[in-house]
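Okay, structure first, notes after.
The values are calculated or read from the model by the stated rules, or taken from the named source; none is laboratory data. Predicted model only: the values in this text are computed from it and were never measured. Note: ideal-geometry Cβ built from the backbone for every residue, glycine included; neighbour counts use all protein chains shown. Quick note on the areas: whole protein, heavy atoms, side chains included, nothing else; ligands and nucleic acids left out. Shrake-Rupley method; radii C 1.70, N 1.55, O 1.52, S 1.80 Å.
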Amino acid sequence: MNKKLRVALLFGGKSAEHEISLISARNIVDAMDKNKYEVVAIGIDKQGRWHLDDGAVLLRGKEQSKVEFVDTKNAAAVMPGETATPMVRPSRAGFGGLGFIDVVFPILHGPFGEDGTVQGLLKLANLPFVGAGVLGSAVGMDKDVMKRLLRDAKIPTPNFLAFARSDKIGFVKVKKTLGMPLFIKPANLGSSVGISKVAKPAEFSAAVKEAFRYDNKIIIEEFIQGREIECSVLGNEQPIASLPGEIIVNREFYSYDAKYIDDKGARLEIPAKLPKQVVKNIREMALKVYQALCCEGMARVDFFVQANGRVLVNEINTIPGFTQISMYPKMWEATGISYSRLIDRLIELAIARHRSEKRLRTSK
(Lines give C-alpha, C1' and ligand atoms only; values in the text may rest on other atoms or scores of the structure.)
Protein backbone atom coordinates (compact mmCIF):
# COMPACT_ATOMS: atom_id res chain seq x y z
CA MET A 1 0.00 0.00 0.00
CA ASN A 2 1.31 3.47 -0.86
CA LYS A 3 2.10 5.64 2.13
CA LYS A 4 0.00 8.68 2.85
CA LEU A 5 1.33 12.04 1.71
CA ARG A 6 1.98 14.44 4.60
CA VAL A 7 0.38 17.76 3.65
CA ALA A 8 1.10 20.88 5.70
CA LEU A 9 -1.97 23.11 5.46
CA LEU A 10 -1.12 26.77 6.18
CA PHE A 11 -4.15 28.81 7.22
CA GLY A 12 -5.05 32.10 8.91
CA GLY A 13 -2.43 34.71 8.17
CA LYS A 14 -1.55 38.30 8.91
CA SER A 15 -4.18 39.80 6.62
CA ALA A 16 -7.59 41.41 6.61
CA GLU A 17 -8.73 38.22 4.86
CA HIS A 18 -7.71 36.04 7.85
CA GLU A 19 -11.28 34.91 8.58
CA ILE A 20 -11.91 33.78 5.00
CA SER A 21 -8.77 31.66 5.15
CA LEU A 22 -10.10 29.86 8.23
CA ILE A 23 -13.33 28.93 6.45
CA SER A 24 -11.44 27.79 3.35
CA ALA A 25 -9.07 25.66 5.45
CA ARG A 26 -11.95 23.90 7.22
CA ASN A 27 -13.51 22.97 3.89
CA ILE A 28 -10.22 21.65 2.49
CA VAL A 29 -9.57 19.48 5.56
CA ASP A 30 -13.09 18.05 5.32
CA ALA A 31 -12.71 17.30 1.61
CA MET A 32 -9.24 15.71 1.72
CA ASP A 33 -9.19 11.94 1.32
CA LYS A 34 -7.90 10.71 4.69
CA ASN A 35 -6.77 7.46 3.04
CA LYS A 36 -4.36 9.47 0.87
CA TYR A 37 -3.28 12.35 3.11
CA GLU A 38 -2.06 13.03 6.62
CA VAL A 39 -2.80 16.67 7.41
CA VAL A 40 -0.27 18.72 9.38
CA ALA A 41 -2.28 21.88 10.12
CA ILE A 42 -0.35 25.07 10.88
CA GLY A 43 -2.26 28.22 11.78
CA ILE A 44 -0.80 31.69 11.43
CA ASP A 45 -2.25 34.27 13.80
CA LYS A 46 -2.84 37.95 13.03
CA GLN A 47 0.56 38.85 14.51
CA GLY A 48 2.26 36.50 12.05
CA ARG A 49 3.16 33.78 14.59
CA TRP A 50 2.96 30.17 13.41
CA HIS A 51 1.19 27.55 15.55
CA LEU A 52 1.13 23.79 15.06
CA ASP A 53 -2.49 22.67 15.16
CA ASP A 54 -2.22 19.01 16.21
CA GLY A 55 -5.04 17.01 14.67
CA ALA A 56 -6.47 20.17 13.04
CA VAL A 57 -8.30 20.74 16.34
CA LEU A 58 -8.47 24.50 15.85
CA LEU A 59 -10.32 23.96 12.58
CA ARG A 60 -13.06 21.93 14.25
CA GLY A 61 -14.62 24.73 16.29
CA LYS A 62 -18.26 25.65 15.85
CA GLU A 63 -17.61 29.19 14.62
CA GLN A 64 -16.09 28.84 11.16
CA SER A 65 -14.43 32.23 10.89
CA LYS A 66 -12.74 32.32 14.32
CA VAL A 67 -9.80 30.49 15.87
CA GLU A 68 -8.17 31.20 19.23
CA PHE A 69 -4.38 30.86 18.97
CA VAL A 70 -3.48 30.69 22.68
CA ASP A 71 -1.02 27.80 23.12
CA THR A 72 2.47 29.23 22.60
CA LYS A 73 3.93 25.76 23.29
CA ASN A 74 2.80 24.80 19.80
CA ALA A 75 4.83 27.47 18.01
CA ALA A 76 6.20 26.33 14.64
CA ALA A 77 8.78 27.62 12.18
CA VAL A 78 10.31 26.93 8.77
CA MET A 79 14.02 26.26 8.43
CA PRO A 80 15.66 27.48 5.19
CA GLY A 81 17.98 25.14 3.32
CA GLU A 82 17.79 21.59 2.06
CA THR A 83 17.05 19.69 5.27
CA ALA A 84 15.16 16.48 6.03
CA THR A 85 12.72 18.27 8.36
CA PRO A 86 12.42 21.88 7.18
CA MET A 87 9.37 22.52 9.40
CA VAL A 88 10.09 22.51 13.13
CA ARG A 89 8.58 23.17 16.56
CA PRO A 90 10.21 23.93 19.94
CA SER A 91 11.02 21.05 22.28
CA ARG A 92 12.93 20.64 25.54
CA ALA A 93 16.07 19.87 23.57
CA GLY A 94 15.74 22.97 21.39
CA PHE A 95 13.87 22.53 18.12
CA GLY A 96 12.30 19.26 17.05
CA GLY A 97 11.33 18.41 13.50
CA LEU A 98 7.74 17.91 12.43
CA GLY A 99 8.88 15.05 10.26
CA PHE A 100 9.10 14.88 6.49
CA ILE A 101 6.60 17.12 4.67
CA ASP A 102 5.63 16.02 1.17
CA VAL A 103 3.86 19.24 0.17
CA VAL A 104 2.58 22.50 1.65
CA PHE A 105 -0.93 23.75 0.86
CA PRO A 106 -1.06 27.50 1.60
CA ILE A 107 -4.65 28.68 1.92
CA LEU A 108 -3.68 32.22 2.91
CA HIS A 109 -5.64 35.03 1.28
CA GLY A 110 -4.21 38.52 0.83
CA PRO A 111 -0.87 40.02 1.93
CA PHE A 112 1.65 37.86 3.83
CA GLY A 113 0.35 34.72 2.16
CA GLU A 114 -0.92 35.26 -1.37
CA ASP A 115 1.63 37.90 -2.40
CA GLY A 116 4.79 35.80 -2.83
CA THR A 117 6.12 36.24 0.72
CA VAL A 118 5.22 32.77 2.01
CA GLN A 119 5.99 31.28 -1.40
CA GLY A 120 9.55 32.64 -1.18
CA LEU A 121 9.95 31.23 2.32
CA LEU A 122 8.78 27.80 1.18
CA LYS A 123 11.18 27.86 -1.79
CA LEU A 124 14.06 28.68 0.58
CA ALA A 125 12.98 25.70 2.70
CA ASN A 126 13.01 23.49 -0.42
CA LEU A 127 9.36 22.53 0.05
CA PRO A 128 6.85 21.81 -2.74
CA PHE A 129 3.78 24.03 -2.38
CA VAL A 130 0.39 24.39 -4.01
CA GLY A 131 -0.36 27.41 -6.18
CA ALA A 132 1.57 30.13 -7.98
CA GLY A 133 5.26 30.75 -7.37
CA VAL A 134 6.87 33.93 -6.08
CA LEU A 135 6.52 35.98 -9.26
CA GLY A 136 2.99 34.94 -10.19
CA SER A 137 1.81 35.45 -6.62
CA ALA A 138 3.38 38.91 -6.36
CA VAL A 139 2.06 40.32 -9.65
CA GLY A 140 -1.34 38.69 -9.12
CA MET A 141 -1.68 40.40 -5.73
CA ASP A 142 -0.69 43.89 -6.84
CA LYS A 143 -3.62 45.17 -8.92
CA ASP A 144 -1.57 48.04 -10.35
CA VAL A 145 1.27 45.82 -11.64
CA MET A 146 -1.21 43.15 -12.73
CA LYS A 147 -3.24 45.57 -14.83
CA ARG A 148 -0.14 47.09 -16.41
CA LEU A 149 1.02 43.62 -17.48
CA LEU A 150 -2.44 42.85 -18.88
CA ARG A 151 -2.42 46.12 -20.77
CA ASP A 152 1.03 45.31 -22.19
CA ALA A 153 -0.28 41.89 -23.29
CA LYS A 154 -3.19 43.67 -25.02
CA ILE A 155 -5.73 41.97 -22.77
CA PRO A 156 -8.66 44.38 -22.20
CA THR A 157 -9.12 45.63 -18.63
CA PRO A 158 -10.98 48.67 -17.22
CA ASN A 159 -9.13 51.99 -17.25
CA PHE A 160 -7.44 52.79 -13.96
CA LEU A 161 -5.09 55.12 -12.11
CA ALA A 162 -2.66 54.13 -9.33
CA PHE A 163 -1.57 56.36 -6.45
CA ALA A 164 0.94 56.08 -3.62
CA ARG A 165 0.19 57.51 -0.20
CA SER A 166 2.52 60.45 -0.89
CA ASP A 167 0.79 61.41 -4.17
CA LYS A 168 -1.62 64.30 -4.56
CA ILE A 169 -4.94 62.82 -5.62
CA GLY A 170 -7.21 65.37 -7.27
CA PHE A 171 -10.85 64.48 -7.73
CA VAL A 172 -11.30 66.67 -10.83
CA LYS A 173 -8.41 64.97 -12.68
CA VAL A 174 -9.58 61.49 -11.68
CA LYS A 175 -13.15 62.20 -12.79
CA LYS A 176 -11.95 63.62 -16.11
CA THR A 177 -9.91 60.46 -16.79
CA LEU A 178 -12.25 57.77 -15.47
CA GLY A 179 -15.70 59.34 -15.32
CA MET A 180 -18.30 58.60 -12.66
CA PRO A 181 -19.15 56.44 -10.81
CA LEU A 182 -15.80 54.82 -10.02
CA PHE A 183 -14.23 52.28 -7.67
CA ILE A 184 -11.43 52.92 -5.19
CA LYS A 185 -9.46 49.90 -3.94
CA PRO A 186 -6.32 48.98 -1.99
CA ALA A 187 -3.80 47.75 -4.58
CA ASN A 188 -2.85 44.66 -2.56
CA LEU A 189 -5.92 43.03 -1.05
CA GLY A 190 -8.87 40.83 -1.99
CA SER A 191 -12.32 39.75 -0.80
CA SER A 192 -13.55 43.31 -1.53
CA VAL A 193 -11.93 44.58 1.69
CA GLY A 194 -11.41 48.35 1.66
CA ILE A 195 -13.27 48.86 -1.63
CA SER A 196 -15.71 51.73 -2.15
CA LYS A 197 -17.97 52.67 -5.00
CA VAL A 198 -17.99 56.45 -5.44
CA ALA A 199 -21.05 57.95 -7.12
CA LYS A 200 -20.84 61.49 -5.70
CA PRO A 201 -17.92 63.94 -5.31
CA ALA A 202 -18.58 64.13 -1.57
CA GLU A 203 -17.80 60.40 -1.21
CA PHE A 204 -14.37 60.60 -2.85
CA SER A 205 -12.09 61.63 0.05
CA ALA A 206 -13.56 59.12 2.50
CA ALA A 207 -13.18 56.30 -0.03
CA VAL A 208 -9.52 57.21 -0.65
CA LYS A 209 -8.91 57.26 3.11
CA GLU A 210 -10.62 53.87 3.53
CA ALA A 211 -8.46 52.24 0.84
CA PHE A 212 -5.26 53.66 2.36
CA ARG A 213 -6.16 52.00 5.67
CA TYR A 214 -5.16 48.69 4.09
CA ASP A 215 -2.32 49.54 1.71
CA ASN A 216 0.22 52.22 0.85
CA LYS A 217 -0.88 52.12 -2.79
CA ILE A 218 -4.41 52.34 -4.15
CA ILE A 219 -6.02 52.07 -7.55
CA ILE A 220 -9.01 53.96 -8.87
CA GLU A 221 -10.96 52.27 -11.66
CA GLU A 222 -13.66 53.27 -14.09
CA PHE A 223 -17.09 51.75 -13.52
CA ILE A 224 -18.00 49.03 -16.02
CA GLN A 225 -21.66 48.25 -16.60
CA GLY A 226 -21.71 44.53 -17.16
CA ARG A 227 -22.28 41.05 -15.79
CA GLU A 228 -19.75 39.71 -13.26
CA ILE A 229 -18.34 36.46 -14.62
CA GLU A 230 -15.59 34.28 -13.17
CA CYS A 231 -13.52 31.41 -14.56
CA SER A 232 -11.25 28.90 -12.80
CA VAL A 233 -7.84 27.89 -14.18
CA LEU A 234 -5.82 24.80 -13.21
CA GLY A 235 -2.37 23.63 -14.28
CA ASN A 236 1.29 24.48 -14.75
CA GLU A 237 2.73 24.57 -18.30
CA GLN A 238 -0.53 23.40 -19.92
CA PRO A 239 -3.38 24.92 -17.88
CA ILE A 240 -7.06 24.28 -18.47
CA ALA A 241 -10.03 26.60 -17.89
CA SER A 242 -13.39 25.71 -16.33
CA LEU A 243 -16.86 26.61 -17.45
CA PRO A 244 -17.52 30.18 -16.28
CA GLY A 245 -19.91 31.13 -13.50
CA GLU A 246 -21.86 34.32 -12.84
CA ILE A 247 -22.30 36.36 -9.68
CA ILE A 248 -25.69 38.06 -9.61
CA VAL A 249 -25.41 40.80 -7.00
CA ASN A 250 -28.38 42.10 -5.02
CA ARG A 251 -26.40 44.99 -3.50
CA GLU A 252 -24.67 48.08 -4.84
CA PHE A 253 -21.66 45.92 -5.72
CA TYR A 254 -20.08 42.58 -4.75
CA SER A 255 -18.84 43.76 -1.34
CA TYR A 256 -17.31 41.77 1.53
CA ASP A 257 -20.73 41.55 3.22
CA ALA A 258 -22.39 40.36 0.00
CA LYS A 259 -19.72 37.66 -0.37
CA TYR A 260 -19.53 36.30 3.15
CA ILE A 261 -22.15 37.71 5.55
CA ASP A 262 -25.45 38.50 3.82
CA ASP A 263 -27.00 35.24 2.58
CA LYS A 264 -29.12 37.26 0.16
CA GLY A 265 -26.33 39.61 -0.94
CA ALA A 266 -25.66 37.66 -4.12
CA ARG A 267 -26.49 34.42 -5.85
CA LEU A 268 -24.31 32.25 -8.06
CA GLU A 269 -25.25 30.78 -11.41
CA ILE A 270 -22.90 27.97 -12.46
CA PRO A 271 -22.43 27.55 -15.33
CA ALA A 272 -23.25 31.06 -16.44
CA LYS A 273 -25.98 31.48 -19.07
CA LEU A 274 -23.95 32.98 -21.88
CA PRO A 275 -23.73 32.51 -25.67
CA LYS A 276 -21.32 29.73 -26.67
CA GLN A 277 -18.94 32.17 -28.35
CA VAL A 278 -18.75 34.36 -25.23
CA VAL A 279 -18.03 31.28 -23.09
CA LYS A 280 -15.26 30.31 -25.52
CA ASN A 281 -13.80 33.83 -25.38
CA ILE A 282 -13.84 33.86 -21.57
CA ARG A 283 -12.10 30.49 -21.26
CA GLU A 284 -9.45 31.45 -23.82
CA MET A 285 -8.89 34.84 -22.21
CA ALA A 286 -8.60 33.26 -18.75
CA LEU A 287 -5.73 31.11 -20.02
CA LYS A 288 -4.05 34.15 -21.63
CA VAL A 289 -4.28 36.08 -18.34
CA TYR A 290 -2.94 33.12 -16.37
CA GLN A 291 0.09 32.74 -18.60
CA ALA A 292 0.74 36.47 -19.05
CA LEU A 293 0.95 36.80 -15.24
CA CYS A 294 3.27 33.77 -14.87
CA CYS A 295 0.79 31.77 -12.79
CA GLU A 296 0.98 28.08 -11.88
CA GLY A 297 -1.16 25.64 -9.94
CA MET A 298 -4.43 27.51 -9.74
CA ALA A 299 -6.13 30.86 -10.10
CA ARG A 300 -9.57 32.40 -10.56
CA VAL A 301 -9.93 35.09 -13.23
CA ASP A 302 -12.73 37.63 -12.84
CA PHE A 303 -14.38 39.35 -15.81
CA PHE A 304 -16.98 41.90 -16.80
CA VAL A 305 -19.17 40.98 -19.79
CA GLN A 306 -20.93 43.95 -21.36
CA ALA A 307 -24.28 43.87 -23.14
CA ASN A 308 -22.57 43.87 -26.57
CA GLY A 309 -20.57 40.75 -25.61
CA ARG A 310 -17.30 42.58 -24.97
CA VAL A 311 -15.22 40.87 -22.26
CA LEU A 312 -12.89 42.77 -19.90
CA VAL A 313 -10.63 41.31 -17.21
CA ASN A 314 -11.22 42.66 -13.72
CA GLU A 315 -8.52 40.77 -11.76
CA ILE A 316 -6.92 37.44 -10.91
CA ASN A 317 -6.84 35.61 -7.57
CA THR A 318 -3.94 33.16 -7.19
CA ILE A 319 -5.31 31.63 -3.95
CA PRO A 320 -9.07 31.75 -4.50
CA GLY A 321 -11.53 30.95 -1.76
CA PHE A 322 -12.37 27.35 -0.91
CA THR A 323 -15.43 28.03 1.25
CA GLN A 324 -18.71 26.17 0.70
CA ILE A 325 -19.95 28.97 -1.56
CA SER A 326 -16.64 29.77 -3.29
CA MET A 327 -16.71 29.95 -7.07
CA TYR A 328 -13.35 28.27 -7.77
CA PRO A 329 -14.25 24.71 -6.67
CA LYS A 330 -17.89 25.08 -7.73
CA MET A 331 -16.93 25.96 -11.31
CA TRP A 332 -14.68 22.90 -11.47
CA GLU A 333 -17.50 20.72 -10.15
CA ALA A 334 -19.70 22.03 -12.98
CA THR A 335 -16.89 21.24 -15.43
CA GLY A 336 -16.50 17.67 -14.17
CA ILE A 337 -13.79 17.82 -11.47
CA SER A 338 -15.02 17.11 -7.94
CA TYR A 339 -13.79 19.04 -4.88
CA SER A 340 -11.80 16.01 -3.67
CA ARG A 341 -10.25 15.38 -7.09
CA LEU A 342 -9.42 19.08 -7.41
CA ILE A 343 -7.37 18.91 -4.20
CA ASP A 344 -5.60 15.78 -5.52
CA ARG A 345 -4.74 17.58 -8.76
CA LEU A 346 -3.43 20.69 -7.00
CA ILE A 347 -1.12 18.56 -4.87
CA GLU A 348 0.06 16.61 -7.93
CA LEU A 349 0.86 19.88 -9.74
CA ALA A 350 2.83 21.19 -6.74
CA ILE A 351 4.98 18.05 -6.54
CA ALA A 352 5.52 17.96 -10.33
CA ARG A 353 6.72 21.58 -10.39
CA HIS A 354 9.08 20.96 -7.47
CA ARG A 355 10.61 17.94 -9.20
CA SER A 356 11.08 19.98 -12.37
CA GLU A 357 12.81 22.79 -10.45
CA LYS A 358 15.06 20.28 -8.65
CA ARG A 359 16.48 19.25 -12.02
CA LEU A 360 17.80 22.76 -12.63
CA ARG A 361 21.50 23.34 -12.04
CA THR A 362 22.48 25.65 -9.18
CA SER A 363 26.22 25.71 -9.95
CA LYS A 364 28.48 25.61 -13.03
So for each of 221-228, 8-15 I average, over its residues, the number of other beta carbons within 10 Å; can you give me the resulting order with the highest mean first? 8-15, 221-228
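Mind checking the dipole of the chain: about its Cα centre, +1 per Lys or Arg Cβ, -1 per Asp or Glu Cβ, Debye to the nearest 20?
640 debye
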So for R0 = 35 Å, FRET eff. of Lys46-Gln277 from the Cβ-Cβ r, to 0.05, ends up at 0.15
Label model pair Leu121, Thr362: point-to-point distance (7 angstrom along the Cα→beta-carbon line) in nm is 1.9 nm
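How much mean residue ellipticity at 222 nm does the chain get from its helices, if each DSSP H run of length 4 or more adds -39500 (n - 2.57) and you divide by all residues, to the nearest 500 deg cm²/dmol? Working shown, then result.
Details: 10 runs with 108 residues, N = 364.
Calculated from helices alone, the mean residue ellipticity at 222 nm is -9000 deg cm²/dmol.
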What accessible area per residue comes out for the chain, rounded to a whole number of Å², with a 1.4 Å probe? 48 Å²
HN-Hα J in Hz across region 107-123 - Karplus 6.51, -1.76, 1.60, θ = phi - 60°, x for Gly and Pro: 10, 10, 9, x, x, 6, x, 10, 9, x, 5, 5, 4, x, 4, 5, 5
Please compute, for the alpha-carbon atoms of the chain, the extent along each of the three principal axes and give them in descending order in Å. 65, 53, 44
Most positive-pole-ward Cα, Ile155, Val7, Phe112, against dipole of the chain from beta carbon charges: Ile155
Which residues' amide hydrogens lie under 5 Å from the amide hydrogen of Val104, considering only partners 5 or more residues apart or on another chain, with H built in the peptide plane? Ala8, Phe129, Val130
Lys/Arg +1, Asp/Glu -1 at C-beta; the chain dipole; positive extreme among Ser196, Ser340, Val313: Val313
Could you tell me which of the pairs Lys14/Lys288; Lys217/Lys330; Lys168/Lys217; Lys14/Lys358; Lys185/Lys209 are separated by over 21 angstrom between their Cα atoms in the structure shown? Lys14/Lys288; Lys217/Lys330; Lys14/Lys358
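Taking 0.36 nm per residue of separation and subtracting the Cα-Cα distance, what length does fully extending Ile240 through Glu82 add? Write out the running numbers ahead of the final one.
Details: separation 158, 0.36 × 158 = 56.88 nm, distance 3.24 nm.
This chain segment gains 53.6 nm when fully extended.
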Using 0.36 nm per residue, how much length does the chain from Ala31 to Lys176 gain when fully extended, once their Cα-Cα distance is taken away? 47.2 nm
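Classify region 77-222 from the C-alpha gyration tensor, please: rounded if a/c falls under 1.5, else prolate or oblate depending on whether a/b exceeds b/c.
Cα axes put region 77-222 in the prolate bin.
On a full-extension model of 0.36 nm per residue, what is the gain between Ala307 and Arg355, subtracting their alpha-carbon distance, rounded to one decimal in nm?
12.7 nm
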Using modelled amide H (1.01 Å from N, peptide plane; none on Pro or chain starts), what sits under 5 Å from the amide H of Asn159, excluding residues fewer than 5 places away? Glu222
Excluding ligands, DNA and RNA, the carbon-plus-sulfur percentage of the accessible area of the chain with a 1.4 Å probe reads 52 percent
Run down the lysines and flag those whose C-alpha is under 19 Å from the C-alpha of Lys34, throwing out any fewer than 8 positions away in its chain. Lys3, Lys4
How long are the semi-axes of the ellipsoid equivalent to region 311-364, from square roots of 5 times the Cα gyration tensor eigenvalues, in whole Å, largest first? 29, 17, 9
